[in-house]
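A.B. asks: This is the structure I have questions about; it appears just below.
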Amino acid sequence: MVETTKLIHEYLRHSKKFPHVYCPGCGHGIVLGSIIRSVHHLGLSKDEVVLIAGIGCSGRMAVYVDFNTIHTTHGRALTFATGVKLANPKLKVIVVMGDGDALSIGGNHFIHAARRNIGVTALVLNNNIYGMTGGQSSSTTPENSYSTTTPYGHLERDFDVVNLALGCGANFVSRTTALHAQLMDKLLTKAIENPGFNVVEVLTPCFTQYGRKNKFKNVVEMYSWYRKNTIKVEKYKELPEEKRAGKIPIGVFSDKQEPGFEEKYGQLREKLRSKK
Ligand SMILES: Cc1ncc(C[n+]2csc(CCOP(=O)(O)OP(=O)(O)O)c2C)c(N)n1
Ligand code: SF4
């Protein structure tokens, strides 16, 4: 993979939209680099790629990259992506969403886009919190952790994004962290190419809104936490049940190549046209 710095001038709206809004140490910038490296590695032209994002710190990516972009309503990125993919199935559609965007307000769209197997890459930046709006709890805020809206500890259980996507039948389901950038590049490269609905969950630190409320001293500690608490999914599967607790598996959980909804829709359209 090529050094990201060399690609900035090619892929970012560097003269218009910077400086960026990200806090020091925020993992979102690492994801931005990975998207650019993956597109570059695949040899796609900027015109072939559409990046669609909702609102949130994660949503700012649609402003920074020089692809076809839509910075759309919070929680509705997948609906816009569905329309784009159906209108022009040749486009590579990457949808960037925060956990609030993808799974809280956008949860219904997420499960149905996965069930329908629409051909897009759904990148879920899971920082356990609503970052941009001040650190309210989301549907991935862990039980008993602290947020602006749960100052005495969160009573609800959180979604497991990978299990949710598997349950909805998504083709490709994977997880990495902002620390594991090389794995992220591999997963994204694969997801962009694969047919159907492809999920890449990235666990990414938000020290500003989540870390400091949850006893992390600084953002480096959050990256160390990922190192200590993640394990490759292949190794995780070999562990006895009692040793799995507290360990987060990363890697590929599903790798199917079933045709995307847009492909089946196109075939049906051709069939009906030929009957006329
Ligand atoms: C329909 C709608 N509801 C609520 C908001 C307010 N809002 C903007 S960003 C945001 C939270 C973003 O959190 P997340 O999606 O997790 O992304 P992050 O900022 O953490 O990257 C909310 C609630 C909005 N803009 N539109
Ligand atoms: S508030 Fe959190 S998610 Fe938003 S830029 Fe800062 S660290 Fe990143």
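Values quoted throughout were computed directly from the atomic coordinates according to the rules given, and no laboratory measurement underlies them. Keep in mind that this is a model prediction, so the values were computed, not measured. No Cβ is skipped: glycine too gets one built from the backbone with ideal geometry, and neighbour counts run over all protein chains shown.
A.B. asks: How big, on average over all directions, is the shadow cast by the Cα convex hull of the stretch 27-89, in nm²? Intermediate results must be reported in sequence, preceding the final value.
C.D. replies: Details: hull surface 16.9 nm².
Hull-based average projected area comes out at 4.2 nm².
A.B. asks: A further question follows. Using DSSP to call loops (not H, G, I, E or B), can you name the trypsin sites (Lys or Arg not before Pro) in the stretch 195-239 whose Cβ has at most 10 other Cβ atoms within 10 angstrom?
C.D. replies: On the way: sites: R212, K213, K215, K217, R227, K228, K232, K235, K237; in loops: K215, K217.
Those satisfying the criteria are K215, K217.
A.B. asks: What is the sum of charges, Lys and Arg at +1 and Asp and Glu at -1, for the other residues whose Cβ falls under 13 Å from the Cβ of L183?
C.D. replies: +3
A.B. asks: Using the Karplus curve 6.51 cos²θ - 1.76 cosθ + 1.60 with θ = phi - 60°, work out ³J(HN,Hα) for each residue of the stretch 141-155 in order, rounded to whole Hz, and write x for Gly and Pro.
C.D. replies: Per-residue couplings from phi come out as 5, x, 4, 6, 8, 10, 8, 4, 8, 10, x, 9, x, 7, 8 Hz.
A.B. asks: Could you tell me how many degrees, from 0 to 90 and to the nearest 10, lie between the Cα long axis of helix 181-193 and the main elongation axis, the longest principal axis, of the Cα atoms of the chain?
C.D. replies: Result, in degrees: 20.
A.B. asks: Then there's this: What dipole magnitude, in Debye to the nearest 20, does the chain give about its Cα centre under +1 on Lys/Arg Cβ and -1 on Asp/Glu Cβ? Display every interim value, and only then the final one.
C.D. replies: Values: 36 positive and 24 negative charges, 78 e Å.
Here the size comes out at about 380 debye.
A.B. asks: Which far-off residues, 5 or more places away or on another chain, put their amide H under 5 Å from the one on G135, with H placed in the peptide plane?
C.D. replies: Amide H to amide H, under 5 Å and 5 or more residues apart or across chains, G135 pairs with Y130.
A.B. asks: Next up: Along its three principal axes, how long is the chain when you only count alpha carbons? Whole Å, largest extent first please.
C.D. replies: Cα spread of the chain along its principal axes, largest to smallest: 65, 48, 34 Å.
A.B. asks: Going through the cross-link list K215/K243; K6/K217; K17/K215, which pairs have a Cα-Cα distance over 29 Å in this structure?
C.D. replies: Table pairs above 29 Å Cα-Cα are K6/K217; K17/K215.
A.B. asks: Here is a follow-up. Packing-wise, with mean Cβ within 10 Å as the measure, how do 190-200, 239-249, 156-166 rank, highest first?
C.D. replies: On the way: 190-200: 23.3, 239-249: 10.6, 156-166: 17.9.
Averaged packing, sorted descending, gives the order 190-200, 156-166, 239-249.
A.B. asks: Taking H placed 1.01 Å from N in the peptide plane, check which residues at least 5 places from V50 or on another chain put their amide H under 5 Å from its amide H.
C.D. replies: Amide H neighbours of V50: K92, V93, I94.
A.B. asks: Rounded, prolate or oblate, given the Cα gyration tensor of the stretch 52-203, with a/c below 1.5 counting as rounded?
C.D. replies: Values: a/c = 1.68, a/b = 1.53, b/c = 1.10.
It comes out prolate by the Cα gyration axes.
A.B. asks: At a 10 Å Cβ-Cβ cut-off, how would you order M222, M184, fewest neighbours first? Provide the component values of the computation, followed by the final result.
C.D. replies: On the way: M222 25, M184 28.
Ranked by crowding around the Cβ, least crowded first: M222, M184.
A.B. asks: Determine the distance separating the Cα centre of the stretch 61-91 from the Cα centre of the stretch 222-260; give it in Å without decimals.
C.D. replies: 29 Å
A.B. asks: Cα axis of helix 107-116 to longest principal axis of the chain: angle in degrees, 0 to 90, nearest 10?
C.D. replies: For helix 107-116, the angle is close to 40 degrees.
A.B. asks: Hey, another quick one. Please list, or write none, the lysines whose alpha carbon is within less than 17 Å of the alpha carbon of K186, excluding same-chain residues fewer than 8 places away.
C.D. replies: K92, K232, K256
A.B. asks: Under 18 Å Cα-Cα from K90, which aspartates and glutamates qualify once same-chain neighbours fewer than 8 residues away are excluded?
C.D. replies: D47, E48, E193, E258, E262, E263, E270
A.B. asks: Now, a different point. Relative to the longest principal Cα axis of the chain, at what angle does helix 28-42 sit, 0 to 90 degrees, rounded to 10?
C.D. replies: 30 degrees
A.B. asks: Would you pull out the residues with amide H under 5 Å of I248's amide H, same chain only if 5 or more places away, H placed 1.01 Å from N?
C.D. replies: It is T230, I231, by chain and number.
A.B. asks: Another question about this same structure. Could you tell me the relative contact order of the stretch 25-143? Use alpha-carbon pairs under 8 Å, at least six residues apart, and round to a whole percent.
C.D. replies: About 23 percent, as a whole number.
A.B. asks: Also, quick follow-up: Scaled to the compact-protein estimate 2.2 N^0.38 Å, what is the alpha-carbon radius of gyration of the stretch 120-235, rounded to two decimal places?
C.D. replies: The value comes to 1.10.
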